[in-house]
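This report concerns only the one structure given below.
Here, each number is a calculation from the coordinates, and none is a lab measurement. In this text the structure is predicted, and so the values were computed from the model without any measurement. Positions of Cβ are generated from backbone atoms using ideal geometry, with glycine treated the same way; all protein chains shown enter the neighbour counts.
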Amino acid sequence: MTNAPGESDAVVAIGAAVAEHDLERAAAIWRSNDLGPDATRELFGQLGAADAAGLVAALADDVRAREVLLWMPGDVAASIVSALDTALAARLVGGLPSDERADLLAALPDRSRADIQHLLPPATQAETSSLLKYLPGTAGGLMETEFLAFPSSSTVSEAIRDIRSNQQKYAEIGVQYLYLVDDARRLVGVAPIRDLMLASEDAPLSSLIKSAPAMVRDDADTHALASAFEDQPFMALPVVDAAGTLLGVVNRADATEREHEEAEDDYRVSQGIVGGEELRSMPVATRWRRRGAWLAINLLMCLGGAGVIAWHQDTIAKVIVVAAVLPVISATSGNAAMQAAAVSIRELTLGVIGDDARTAWRRVLMHELLLAVLLAAPLGAAVAVLSRAWGAPWTIGAAVGLAMSLNAVISISIGGLAPLVLRRVRVDPALASGPISTTVADITGFALTLTFVGLAA
């Protein structure tokens, strides 16, 4: 979605006013324009944390300020809140929905979080502290504590009176379901609001229960939540603890968003950015740390391949065509390893590969070795012909082809097994399988090629 022309002009005007340190004029322009999420993200993406916080404070409109915090990426919202006056930050954060409030506080530095929590109302403090105990990707970490619950022994008329007397409050939290609990606050049933409106006023709420309620445990992870929503047509699911006590409600949209965020996190790490999402408006030190961590690891891994080449400098000097062949062997073997790793990761995700390590490893190795041998022969032959076409004698071509064939078998086998080994040592296979497989493929490919060529030369 692109910004409307008026929004784009407003973003430019506000940015210019902030650059001139005229926050009052910037706030006045903002108040006179109804900026949507995209334009707001564009505006604040251009500002540093101090300027963004100053603009939010100058706005003097809590509703719009909270919209900014909700629309911004988590790290950006946290940087804005950290730069705000503590009293203002507490007021804004305290007015957010419970799940958004907990997520934002979790992203803050410990000192800022403690200072803000100290200024929250006691009930809000207790509620937030309980939510912060959950891991971000669990149902407990995603749930909202704003929901509509009644004792199942109450009557329809009692529930309707309560809803009407708290109409504004319930409208703000978007009530769609009525959750029915027993005396110990254990969940016993769920009913859509429409069923309540159509029922006889003197009927007990328990009469609205048509079947056992669908629910999720508070420790359910993102994948379990996704499966639960795939199996159920509901827009929200109640969250309970081990005793069945109703704790909150997790929305389908929030569960889907979290699933997408985890996929994006995996992609970022696979591309060498660790520690969370990165935006260019973030401090340089933060961006340096997030990129540098992976680059340092990658550098150490690559030193193995460089060491093999350095050890065989004399061979390369005598048979210069090897310098042209090495990248071909490296890239081809690395791609073969990645293909095998991708299949193993997919089978792990689907549960096709069981927990018995020896059985799983034997199965993967057996199937990959057969395919590896079938692929290795034509790959080796192609590299041998390529070497001969570049002027190398047939003995060198044969040595290079044999190295390619053997390395293809080794690379495919390692690629297939790497995700299983990583899972065994509790490392996410999706993140580490690629770099490990391709680096090992490079090292073995260089070693085999240079060794065989050295013997044939």
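A DSSP coil position with no more than 12 other Cβ atoms inside 10 Å describes the following trypsin sites (Lys or Arg not before Pro) in region 95-165: Lys133. What is the calculated FRET efficiency for Trp390 to Ala28, with r their C-beta to C-beta distance and R₀ = 51 Å, to the nearest 0.05? The formula returns an efficiency of 0.15 here.
Annotation for Gln232 and Glu257: the two label points, set 7 Å from Cα along the Cα-Cβ direction, are 1.9 nm apart. Toward the positive end of the charge dipole of the chain, with +1 on the Cβ of Lys and Arg and -1 on the Cβ of Asp and Glu, the farthest Cα among Pro393, Thr86, Ile412 is that of Pro393.
Remark: relative contact order (region 5-133) = 19 percent; criterion is Cα-Cα distance under 8 angstrom and separation of 6 or more residues. Using the average count of surrounding beta-carbon atoms within 10 Å as a protection proxy, the listed peptides 404-413, 84-93 rank, highest first, as 404-413, 84-93.
For region 302-456, relative contact order (Cα pairs under 8 Å, six or more residues apart, normalised by length) works out to 40 percent. Angle, helix 222-231 long axis vs. longest principal axis of the chain, Cα atoms, 0 to 90°, nearest 10? So the inclination is approximately 70 degrees. Helix 321-350 and the longest principal axis of the C-alpha atoms of the chain enclose an angle of approximately 40°. Assuming charge only on the beta carbon of Lys and Arg (+1) and of Asp and Glu (-1), the dipole of region 110-217 about its Cα centre is about 280 debye to the nearest 20.
A Cβ-based charge dipole, computed about the Cα centre of the chain with Lys and Arg at +1 and Asp and Glu at -1, lands at about 1880 debye. Specify the inter-centroid distance of region 369-423 and region 61-98, based on alpha-carbon positions, in whole Å. Going from one Cα centre to the other spans 56 Å. Dividing the helix sum by the residues of the chain, where each DSSP H run of 4 or more adds -39500 (n - 2.57), gives a mean residue ellipticity at 222 nm of -22500 deg cm²/dmol.
Only counting other Cβ atoms within 10 Å, I'd like Trp311, Trp30, Trp71 sorted with the fewest neighbours first.
Working: Trp311 13, Trp30 24, Trp71 17.
Ascending Cβ contact count within 10 Å gives the list Trp311, Trp71, Trp30.
With R₀ fixed at 41 Å, the C-beta to C-beta distance from Val12 to Arg185 puts the FRET efficiency at about 0.15. Look at the alpha carbon pairs under 8 Å that are at least 6 residues apart: their mean separation over the length of the chain gives a relative contact order of 11 percent.
Only bridges whose two residues both fall in the chain count here: according to DSSP, what percent of them are antiparallel, nearest 5? List each step's numbers first, then the result.
On the way: 13 of 18 bridges.
The antiparallel fraction comes to roughly 70 percent.
Pick the calculated volume of the Cα convex hull per residue in Å³ for this structure from (i) 174; (ii) 161; (iii) 207? For volume of the Cα convex hull per residue in Å³, the calculated option is (iii).
Given their separation in residues at 0.36 nm each and the Cα-Cα distance between them, Val373 and Asp314 gain 18.1 nm when the chain is fully extended. A straight chain from Ser211 to Arg346 at 0.36 nm per residue would run longer than the Cα-Cα distance by 45.1 nm.
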